[in-house]
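Colleague: This is the structure, below, for whatever I ask next.
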Amino acid sequence: MRRVLLIVLMVAALAGVVFAPTSTAMAASGTRSLPSSLTAGANFDIDISTFDYGMFGQVVETLPSGFSYVSSTLSPAVVTEEGQVVKFTLLGETAFRYTITASSTAGTYTFSGILKDEDKVEYDVGGDSQITVTAPAPTGGSGGGGGDTTAPRISDISASGITETSADICWETNEKSDSQVEYWTSPSKLSPLDKTMVYDHLVHLADLTPGTIYHYKTMSIDRADNLTVSDVYAFTTKAEEVPPEEAPLPEEASPPEEVPPPPPPEEVPPPAKPPIPWPAVGGVIAAAVVVAGLGIFFWVRRIKSFYRQ
């Protein structure tokens, strides 16, 4: 009995340790990593690490004046730009990277940001906050300068909305850039240049020939005039529909000749009734009367002889 009581006390103590409520919740935190310096106008990456924000949260970064957002490792659907403020919605991610373009003016710049947890409690993003931008080195007549030299990356190319005479060409880039399509059967043509800087591109091609194979490639140029050109793709316009020939109407058939109805069958007179042989009938009746009278006569005589005895 003492051994059982000891075991119960040990289990109760262990349960108290395991299920004891925590006195304080872990606070969310975020950390930023920056390069110490870079050349004016150059593209560079910023790393953000986050902890304990819950099921979802948001990092809100305020870029210094003259800096511009380019792209991130998160989906564009969860990134919002509002001037110098860039909002990154997190769905469980603990780290991500985003790319920006530095100011074209040399100097020291300060970044700031906050991390919002799932209860919308705000925490300052720690880590690096200052960066030094240096002026590009002077170049000679044939040399090149610093800055963004990386062309956009093109992906998800497709042709849709294809009709007899038109088609829509769509693609995506990892940074904002303009849109143009080169297409051909022979010779090649260029679509009008759309200078709008976007991630999702759409170019409408018109005045195409029905039932024709077209080859095409997409082109995009970013803000730093870096050009990228895709591989060659193809689509086929729909064939022109030819209305079916109308079949001639059948000639009206002449009405059939009227056939006279057959004559009615001749009436056959019923067979004549044979005449009744009245003499024979009379003879039969007479014979029957005679036979009946004889029968009555003999019956009467028999009765009389019976009573005489």
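Colleague: Under 5 Å between amide hydrogens, which residues at least 5 positions from G126 or on another chain qualify, with H placed 1.01 Å from N in the peptide plane?
Modeller: Answer set, sorted by chain and number: G30, T31, R32.
Colleague: Given a 1.4 angstrom probe, what's the average accessible area per residue across segment 38-83, in square angstrom? Show your work: numbers first, answer last.
Modeller: Numbers: 1990 Å² over 46 residues.
Heavy-atom SASA per residue in segment 38-83 reads 43 Å².
Colleague: Only four residue types carry charge here, +1 at the Cβ of Lys and Arg and -1 at the Cβ of Asp and Glu. Report the dipole size of segment 152-221 about the Cα centre in Debye, rounded to the nearest 20.
Modeller: On the way: 5 positive and 10 negative charges, 40 e Å.
In debye, rounded to 20, segment 152-221 gives about 200.
Colleague: Please list 3J(HN,Hα) in residue order for segment 119-126, calculated via the Karplus relation 6.51 cos²θ - 1.76 cosθ + 1.60 where θ = phi - 60°; whole Hz, with x for glycine and proline.
Modeller: So the J values, rounded to whole Hz, are 9, 6, 7, 9, 10, 5, 7, x.
Colleague: Under 29 Å Cα to Cα from K189, which lysines show up? Leave out anything in the same chain fewer than 8 places away.
Modeller: Result set, ordered by chain and number: K176, K217, K238.
Colleague: Let me ask something additional. 5 Å is the cut-off here: which amide hydrogens, built 1.01 Å from N in the peptide plane, fall below it relative to S104, excluding neighbours closer than 5 in sequence?
Modeller: G41
Colleague: How much net charge surrounds T31 when only other residues with a Cβ under 12 Å from its Cβ are counted (Lys, Arg +1; Asp, Glu -1)?
Modeller: Details: positive: R32; negative: D47, D124, D128.
Overall, the nearby charge balance is -2.
Colleague: In addition: Excluding ligands, DNA and RNA, what is the solvent-accessible area per residue of segment 116-217 at a probe of 1.4 Å, expressed in Å²? Could you put the intermediate results ahead of the total?
Modeller: Values: 5870 Å² over 102 residues.
Ligands and nucleic acids excluded, the result is 58 Å² per residue.
Colleague: Something else now. Give a residue-ordered list of calculated ³J(HN,Hα) values for segment 157-166 (Karplus: 6.51 cos²θ - 1.76 cosθ + 1.60, θ = phi - 60°; whole Hz; x for Gly, Pro).
Modeller: 3J(HN,Hα) across segment 157-166, in whole Hz: 7, 7, 10, 9, x, 7, 10, 5, 10, 8.
Colleague: Now, a different point. With the cut-off at 1.5 for a/c, could you classify segment 176-309 from its C-alpha gyration tensor as rounded, prolate or oblate? Kindly include the intermediate steps, with their values, before the conclusion.
Modeller: Details: a/c = 13.67, a/b = 4.21, b/c = 3.24.
It is prolate, given that a/c is not under 1.5 and a/b is the larger ratio.
The values are calculated or read from the model by the stated rules, or taken from the named source; none is laboratory data. For clarity, every value in this text was computed on a predicted model and none was experimentally measured. Virtual Cβ from ideal backbone geometry, glycine too; neighbours counted across all protein chains shown. Just so you know, the surface numbers come from the protein's heavy atoms only, side chains and all, with ligands and any DNA or RNA stripped out. Shrake-Rupley method; radii C 1.70, N 1.55, O 1.52, S 1.80 Å.
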